[in-house]
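**Q** I'd like to ask you about the structure that follows.
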Amino acid sequence: MIRVATIAELQTILDGERQQGRSIGLVPTMGALHEGHASLVRCSVKDNDVTVVSIFLNPTQFNDQTDLAKYPRTLEADCALLEQCGATIAFAPSVDEIYPEPDTRQFSYPPTDTVMEGAFRPGHFNGVCQIVSKLFFMTMPDRAYFGEKDFQQIAVIRRMVEDLGFPLEIVPCPVVREEGGLAMSSRNTLLTAEERQTASQIYQTLCKSKELMGEKSVASLHDWVVETINAVSGLKVQYYSIVDGKSLADVQDWNESDDIVGCITVFCGSQPIRLIDHIRYKG
Ligand code: PAF
């Protein structure tokens, strides 16, 4: 695996690969890699001749500077994992390399970027579109891989790809879960062992709610999920939304769409750590 830090170096290598007709897969990450990221990299390695993994903790998508400050940084361990997974290039640029000037571009894809995470983290998806579009321009991949854990992020990125006409395929990859069901996330390392166990009740509750959907309306299932999770000491729901899986608009009735997803954000523990997850009810 080659480690590069500059855009010029990355592009020289990729131009050479493209001239030989080799396909390129891109896995954008913010580092602190875990088994969830590894599964994206393995998928890309299987589908493409060359796999580029970007490791860049993107400041423009953090509306909360304390969240950015406490985000884990583990570059050496990240590169060791990527090597094991068969990645071709680890691209780990500095902030100045990516943003020599402040990025003033504005992206707007309502309702996908205004509801849920968009409402609670103003500017977050604008920052995601800034960095992901830059990475797409820099690497011009054939395919780009994103974890379904960030369900809303994929919907926003799809809109951006459509809007800007990027000639690439977005490949969503399934959520990888810890033993108790907690969705793998770089933020999980900030939880104590006890908090991790508590947090596993988020997904367990979502799974149970799926079993109950035949006997409850959308509104009463929504309330049941919120009340059940809030009853667990150490967990506090920020929002729970039951939405159409494509437009992300709220649904009121189970018959309204054949693609229905419940998306949740929960604060866990004393710090507290913000955890997101989702469950597909239909589709
Ligand atoms: O999902 C993430 O880790 C980030 O939002 C991404 C896509 C790497 C952009 O910084």
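**Q** Note down all Cβ pairs under 7 Å where the first residue falls in region 212-227 and is more than 13 Å from Ile279 (Cβ to Cβ), the second is of a type in the set (Asp, Glu), and they're at least six residues apart or on different chains.
**A** Close Cβ pairs (under 7 Å, with a partner that is of a type in the set (Asp, Glu)) amount to Val218/Asp253.
**Q** Give me the residue from region 108-136 that is under 28 Å from Leu10 (Cβ atoms) and touching a Lys or Arg at 6+ places or on another chain (Cβ under 7 Å) and, out of that set, nearest to the ligand (Cβ to nearest atom).
**A** Gln130
**Q** Another question, then. Tally up the residues in region 153-187 that are away from the ligand (no atom under 14 Å from the Cβ) and part of a helix (DSSP H, G or I), please.
**A** 4
**Q** Out of Gly283, Gly234, I need the residue that is free of Cβ contacts under 8 Å to residues at least 60 places away in the same chain, closer than 20 Å to Gly147 by Cβ and in contact with a strand residue (DSSP E or B) (Cβ under 8 Å, 6 or more places away or on another chain). Which one?
**A** Sole residue among the options that is free of Cβ contacts under 8 Å to residues at least 60 places away in the same chain, closer than 20 Å to Gly147 by Cβ and in contact with a strand residue (DSSP E or B) (Cβ under 8 Å, 6 or more places away or on another chain): Gly283.
**Q** So, one more: Every residue in region 137-152 that is more than 10 Å from the ligand (Cβ to nearest atom) and part of a loop (DSSP other than H, G, I, E, B), please.
**A** Met140, Pro141, Asp142, Glu148
**Q** Filter region 22-43 down to the residues that are among the small types (Gly, Ala, Ser) and within 14 Å of the ligand (Cβ to nearest atom), then identify the one that is nearest to Glu97 (Cα to Cα). Break it down into steps so the answer makes sense when it comes.
**A** Within region 22-43, the first condition is being among the small types (Gly, Ala, Ser), and the residues that meet it are 23, 25, 31-32, 36, 38-39.
Right, trim to within 14 Å of the ligand (Cβ to nearest atom) and you get 31-32, 36, 38-39.
Working: Gly31: 17, Ala32: 20, Gly36: 27, Ala38: 25, Ser39: 28 Å.
Here the residue is Gly31.
**Q** Mind checking which residues of region 96-136 are outside any helix (DSSP H, G or I) and aromatic (Phe, Trp, Tyr)?
**A** The answer is Tyr99, Phe107, Tyr109.
**Q** Quick check on Leu57: is it in contact with a Phe, Trp or Tyr (Cβ under 8 Å, 6 or more places away or on another chain) and in a loop (DSSP other than H, G, I, E, B)?
**A** Yes: the conditions hold for Leu57.
**Q** Still on this model: Return yes or no: is Ile89 more than 14 Å from the ligand (Cβ to nearest atom) and surrounded by 14 or more Cβ atoms within 10 Å (Cβ to Cβ)? Don't jump to the end; show me each part of the working.
**A** Values: more than 14 Å from the ligand (Cβ to nearest atom): yes; surrounded by 14 or more Cβ atoms within 10 Å (Cβ to Cβ): yes.
For Ile89, the condition - more than 14 Å from the ligand (Cβ to nearest atom) and surrounded by 14 or more Cβ atoms within 10 Å (Cβ to Cβ) - is met.
**Q** For region 197-219: of the residues being buried (at least 18 other Cβ atoms within 10 Å of the Cβ) and not hydrophobic (A, V, I, L, M, F, W, C), which is farthest from Phe151 (Cα to Cα)?
**A** Of everything passing the filter in region 197-219, Thr198 is farthest from Phe151 (Cα to Cα).
**Q** I've got another one for you. Checking Ser247 against (1) over 22 Å from Gly147 (Cα atoms); (2) not in a strand (DSSP E or B), only one condition comes out false. Which one?
**A** If we test Ser247 against (1) over 22 Å from Gly147 (Cα atoms); (2) not in a strand (DSSP E or B), just (1) comes out false.
**Q** Do you know which residues across region 237-271 are over 20 Å from the mean Cα position of the chain (by Cα) and hydroxyl-bearing (Ser, Thr, Tyr)?
**A** Ser257, Ser270, listed by residue number.
**Q** Here's something else I'd like to know. Restricting attention to region 114-160, and to residues there that are hydroxyl-bearing (Ser, Thr, Tyr) and touching a residue at least 60 places away in the same chain (Cβ under 8 Å), which single residue is nearest to Arg22 (Cα to Cα)?
**A** Applying the filter and picking the extreme gives Thr139.
**Q** Another question, if that's okay. Only one of Val53, Val4 is out of contact with any Asp or Glu (no Cβ under 8 Å at 6 or more places or on another chain), modelled with pLDDT of 95 or more and crowded, with 20+ Cβ neighbours inside 10 Å. Can you tell me which?
**A** Val53
The values are calculated or read from the model by the stated rules, or taken from the named source; none is laboratory data. Since the model is a prediction, treat every value here as computed from it, not as a measurement. Glycine gets a Cβ as well: all are built from the backbone with ideal geometry, and neighbour counts include every protein chain shown.
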